[in-house]
Amino acid sequence: MFNSLREQIKKFIGRTEEIATEKEIKEIRILSENVTRKTEDTALHASDKTTGQMQTVKRPTEPVWLTQDAGPSKQDEKEVKLTAMTQIKGIFKKTVRLTEKDLDGILTDLQMDLIQNDVALETSEAILEELKERLLDKDIDKDSLDLYIRVSIKKTLFDILTPDKEVDLLEMISEGEKPFKIIFFGVNGTGKTTTIAKMARYLMDNDLSVVIAAGDTFRAGAIEQIEKHANNLGVKVIKHQKTADAAAVIYDAIEHAKARSVDAVLADTAGRMQTNANLMDEMKKIVRVNKPDLKIFIGDSLTGNDALEQAETFNNEIGIDAVILTKMDADAKGGSALSISHITKRPVIYVGMGQTYKDLKKFDREWFINQIID
Ligand SMILES: Nc1nc2c(ncn2[C@@H]2O[C@H](COP(=O)(O)OP(=O)(O)O)[C@@H](O)[C@H]2O)c(=O)[nH]1
Ligand SMILES: [Mg+2]
């Protein structure tokens, strides 16, 4: 899953390590040149003192005690050795310090790769910013550089995915007043109806009772579609006829659930494009009339920046509390989870991983990050 994103991040880690190694080799070269130059200088200086003129000192071929006057004095030799030792110690430094200049090119490449994997520009900038803060101008232990980079990326992505407020659905339903009212929003075809069916099954598996409201009264066949799912699952559906007022259908479902002490109402809604003003007015009315405990935005993870734009519009218009991303099984690039979380600051709580009822997976940030970085 998320193969491309994983490959790009792997490439970034590899290149950062290469740069650290190149930097080390370069430092060694400069230092060894310095050491050679200084050794020669000191030797030259020493010979000056004995002969009074510029000449290169030849290495004594006879025993040292015979030619002592021709070479550098003991004191000078000590100085040479000391300088060399200090330099050599520098060469074997245990840490490496990466600067913005070192990583400039590969950070830009990483940003391009993130964008190509459905990460929004703004989110890619935030990732880069935080990554720079973690990686640059720090003394990093050379032996654990790979681990350090991995952990830095993981922490960065974790921060990007951290919402303003966590949502634990099962806990909220168990602790909230009955019925707990959930309304699902999103444009056509993103997977609202399918996700409601999956959610009904998931809640029932967790010993919670549910009622479904057939709130998509706009699309042909929508009521029949949700009824079919409900029949398969043995769940009650409250419906009116097509073109009926969706707010009223959901209201009836809530009344039904109240009368029977049902734990949760799952309300479907109509899609259309997020830019459709009628749709947004209808959604606002649904919210006003029914005061949901949770407004879940359903986004298709295959649609990249479109999903982000939809999430932002729904969030601005009606205020969403949580996100479910569908079709994660179908070669999603993964970037939309990062962008939607980062920009709306709402948590992704579940992901759709297929077309059967059991294919709803609780979204765990660590799981997601581990899919991207091994
Ligand atoms: N592969 C895959 N397909 C999905 C997933 N969720 C929904 N779908 C499919 O997406 C299509 C549209 O789903 P639907 O629930 O009707 O979307 P709605 O218009 O938002 O209600 C259907 O063919 C679903 O089977 C998912 O997680 N994975
Ligand atoms: Mg539908």
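The values are calculated or read from the model by the stated rules, or taken from the named source; none is laboratory data. Only a predicted model underlies this, so the values are computations on that prediction, with no experimental measurement involved. Note: ideal-geometry Cβ built from the backbone for every residue, glycine included; neighbour counts use all protein chains shown.
Pull out all pairs, ordered by first then second residue, where Cβ-Cβ is under 7 Å, the residues are six or more apart or on different chains, the first lies in the stretch 175-187 and is assigned by TED's automatic domain parsing to the domain that holds ILE286 and at positive phi, and the second is assigned to a strand (DSSP E or B) and not β-branched (Val, Ile, Thr).
Matching pairs, first to second residue: GLY186/PHE297; GLY186/GLY299.
Do you know which residues across the stretch 350-359 are within 16 Å of ligand 2 (Cβ to nearest atom) and within 17 Å of VAL323 (Cα to Cα)? Steps first, please.
First, pick out the residues of the stretch 350-359 that are within 16 Å of ligand 2 (Cβ to nearest atom): 352, 355, 357.
Residue satisfying the conditions is GLY352 alone.
Within the stretch 313-322, is there a residue that is buried (at least 20 other Cβ atoms within 10 Å of the Cβ) and within 16 Å of ligand 2 (Cβ to nearest atom)?
Yes: the stretch 313-322 contains one or more residues that are buried (at least 20 other Cβ atoms within 10 Å of the Cβ) and within 16 Å of ligand 2 (Cβ to nearest atom).
So in the stretch 228-247, with the set limited to residues that are within 16 Å of ligand 1 (Cβ to nearest atom) and surrounded by 15 or more Cβ atoms within 10 Å (Cβ to Cβ), which one is nearest to THR190 (Cα to Cα)?
Out of the qualifying residues, it is HIS229.
Out of the residues in the stretch 172-219 that are assigned to a strand (DSSP E or B) and out of contact with any Pro (no Cβ under 8 Å at 6 or more places or on another chain), state the one that is farthest from ligand 1 (Cβ to nearest atom).
First, the residues of the stretch 172-219 that are assigned to a strand (DSSP E or B): 180-185, 210-213.
Narrowing further to those that are out of contact with any Pro (no Cβ under 8 Å at 6 or more places or on another chain): 180, 184-185, 210, 212-213.
Numbers: PHE180: 21, PHE184: 8, PHE185: 10, VAL210: 17, ILE212: 12, ALA213: 13 Å.
The extreme case among them is PHE180.
Name the residue, out of ILE254, ILE223, ILE160, ILE250, that is within 15 Å of ligand 1 (Cβ to nearest atom), modelled with pLDDT of 95 or more and either surrounded by fewer than 17 Cβ atoms within 10 Å (Cβ to Cβ) or of a type in the set (A, V, I, L, M) (or both).
Working: ILE254 fails: within 15 Å of ligand 1 (Cβ to nearest atom); ILE160 fails: within 15 Å of ligand 1 (Cβ to nearest atom); ILE250 fails: within 15 Å of ligand 1 (Cβ to nearest atom).
None of the others qualify; the one that does is ILE223.
So the check is Cβ under 9 Å with 6+ separation or different chains; which pairs have a first residue in the stretch 353-374 that's over 25 Å from VAL151 (Cβ atoms) and not assigned by TED's automatic domain parsing to the domain that holds ASN232 and a second one that's among the hydroxyl-bearing types (Ser, Thr, Tyr) and part of a loop (DSSP other than H, G, I, E, B)?
Note: no pairs meet the criteria.
If I ask for residues that are of a type in the set (S, T, N, Q), within 14 Å of ligand 1 (Cβ to nearest atom) and either surrounded by 20 or more Cβ atoms within 10 Å (Cβ to Cβ) or under 20 Å from ALA307 (Cβ atoms) (or both), which ones from the stretch 341-374 would you list?
The first filter runs over the stretch 341-374 and keeps only residues of a type in the set (S, T, N, Q), leaving 341, 344, 355-356, 370-371.
Subsequent filtering for residues that are within 14 Å of ligand 1 (Cβ to nearest atom) retains 355-356.
Listed by number, the list holds a single entry, GLN355.
Quick one: which of LYS155, LYS132, LYS142 is away from ligand 1 (no atom under 16 Å from the Cβ) and touching a residue at least 60 places away in the same chain (Cβ under 8 Å)?
Details: LYS155 fails: touching a residue at least 60 places away in the same chain (Cβ under 8 Å); LYS132 fails: touching a residue at least 60 places away in the same chain (Cβ under 8 Å).
It is LYS142.
If you check ASP263, ASP268, which single one turns out to be within 12 Å of ligand 1 (Cβ to nearest atom), at pLDDT 95 or above, assigned by TED's automatic domain parsing to the domain that holds GLU177 and not small (Gly, Ala, Ser)? Quick ask: steps written out before the conclusion?
Numbers: ASP263 fails: within 12 Å of ligand 1 (Cβ to nearest atom).
Answer to the selection: ASP268.
Working carefully through the options ALA222, ALA267, find the one that is within 13 Å of ligand 2 (Cβ to nearest atom) and touching a residue at least 60 places away in the same chain (Cβ under 8 Å). Lay out the reasoning, then the answer.
On the way: ALA222 fails: touching a residue at least 60 places away in the same chain (Cβ under 8 Å).
Only one candidate qualifies: ALA267.
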